[in-house]
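This report refers to the structure that appears directly beneath it.
The values are calculated or read from the model by the stated rules, or taken from the named source; none is laboratory data. For clarity, every value in this text was computed on a predicted model and none was experimentally measured. With ideal geometry, Cβ positions are generated from the backbone for all residues, glycine too; neighbour counts draw on all protein chains shown. In case anyone asks, the SASA skips ligands and DNA or RNA and just uses the protein heavy atoms, side chains included. Shrake-Rupley method; radii C 1.70, N 1.55, O 1.52, S 1.80 Å.
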Amino acid sequence: MAIKSKLRGAISGFGEVAARAHLAGWRTREGVAIGAIHDPISERRHEAIRLIKNVRVYDDLELMLDGEAPDFVDVASPPGLHHEAARTALLAGVHVLVEKPLALTPGEFDELAAIAAEKSRILMCVHNWKYAPAYAVARKAIEAGRLGAIRFMSIDRLRTEPAGAGGSGGKWRTSASSGGGILIDHGWHVFYLMYWLLGGDRPVSVSARLEGLDVDDVADVRIRFGSGSFSRAHLSWRAPVRRTSALIYGERASLEIEGNRVLLTDRAGKVEDLTVADMGDDSYHSAWFGGVAQEFERAVTEGTESPVAKRNLAEARVALMLIDAARKSSINKGIEIDLP
């Protein structure tokens, strides 16, 4: 019997999210080996050498691609670098997984998707909040029809400051040139979650109010979906407390998520605790990346027609479309923007 060879992976951008979350997730996959790291910053290359036995490090992405010829590249650099790194890797014939956001503009997204199709490579984005136990339970309850037809969804992300504030890992979040802002940092997660929880129901319009100087640090967004349901997201780096919560209700029941706790209340007022165990809600969610790694490995095995990869790209496209429309709405005093 032939021994199945491992997928040979490399990481481009070995900052805190790669070192604290991605690496741990890849190590849960027996069929994957991370053998090379690219990062232009010497301290991060030294950290990779410290954490990964026999790893090879590079300060140039193209040299790494030429020298290693990996099966895939995990792009975990700041958002402003995602497009060029993913483009370079795809053109080299490598599968690509990109930390959110997949791209910063619709034009960048379309270019990457076209190259991936032309090269017959998998292109996916890290949608790790789908593997948060609380939201996985919510999706299961919705799919089972326990809430009935969904009428409203609200997701709030309150933070006292951007993740990594004061350190090198948080600088990109507050810089427009690096692709920062709360819509990219938190809105991307919220928007793909809404689309996923609603079973792929397409959004039809957006209205939003954004606040901030160089980047948006508060966002209040309202979305109307094709089924007639409405959603709201409030995102803030100015809150006095850290809080992640959601409310989803349909014709039969409501579902409340507060951190890791999940409560379902039916029309008769009966409350059922659906909470499942989860690790602490840290900024990097290392426990959830294993699910992302498994999903990506499966897509690579299935090939370019993989339903997993297609669903992921659909989620990413919707997230980017909503961010783009929210910005246009806010510039125009919060008017409702119709989506194509």
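Before moving on, here are some points about what is shown:
- When residues in segment 29-45 are screened for being in contact with a strand residue (DSSP E or B) (Cβ under 7 Å, 6 or more places away or on another chain) and open to solvent by 30 Å² or more (accessible area, probe 1.4 Å), 2 of them pass.
- Selection of first residues in segment 105-120 that are touching a residue at least 24 places away in the same chain (Cβ under 8 Å) and of second residues that are in a helix (DSSP H, G or I), restricted to Cβ pairs under 6 Å at least 6 apart or on distinct chains, gives the following pairs, ordered by first then second residue: Glu108/His83; Phe109/Leu320; Leu112/Ala86; Ile115/Leu90; Ala116/Leu90; Lys119/Leu90.
- Search result, residues across segment 221-239 that are of a type outside the set (Gly, Ala, Ser), touching a helix residue (DSSP H, G or I) at 6+ places or on another chain (Cβ under 9 Å) and within 17 Å of His189 (Cβ to Cβ): Val221, Ile223, Leu235, Trp237
- Taking (1) surrounded by fewer than 21 Cβ atoms within 10 Å (Cβ to Cβ); (2) of a type in the set (S, T, N, Q); (3) more than 18 Å from the chain's Cα centre (by Cα) in turn, Ser231 satisfies each apart from (1).
- All of Arg151, Arg159 fail the test of being surrounded by fewer than 17 Cβ atoms within 10 Å (Cβ to Cβ) and out of contact with any Cys (no Cβ under 9 Å at 6 or more places or on another chain), apart from Arg151.
- Every residue from segment 181-202 that is without any contact (Cβ under 8 Å) to a residue 60 or more places away in the chain and either surrounded by fewer than 23 Cβ atoms within 10 Å (Cβ to Cβ) or not in a helix (DSSP H, G or I) (or both): Gly181, Leu198, Gly199, Asp201
- In summary, helices (runs of 4 or more DSSP H) completely within segment 10-108 and bearing 2 or more residues that are of a type in the set (Lys, Arg), over 21 Å from the mean Cα position of the chain (by Cα) and farther than 24 Å from Tyr192 by Cα occur at 42-51.
- Figure legend. Inter-residue proximity from segment 213-231: first residues over 21 Å from Tyr195 (Cβ atoms), second residues open to solvent by less than 40 Å² (accessible area, probe 1.4 Å) and β-branched (Val, Ile, Thr), beta-carbon distance below 8 Å, spacing 6+ or different chains. Indicated pairs: Val215/Ile182; Asp217/Ile182; Val218/Ile182.
- Among residues of segment 109-146, those that are open to solvent by 10 Å² or more (accessible area, probe 1.4 Å) and either outside any helix (DSSP H, G or I) or over 20 Å from Asp201 (Cβ atoms) (or both), counted: 16
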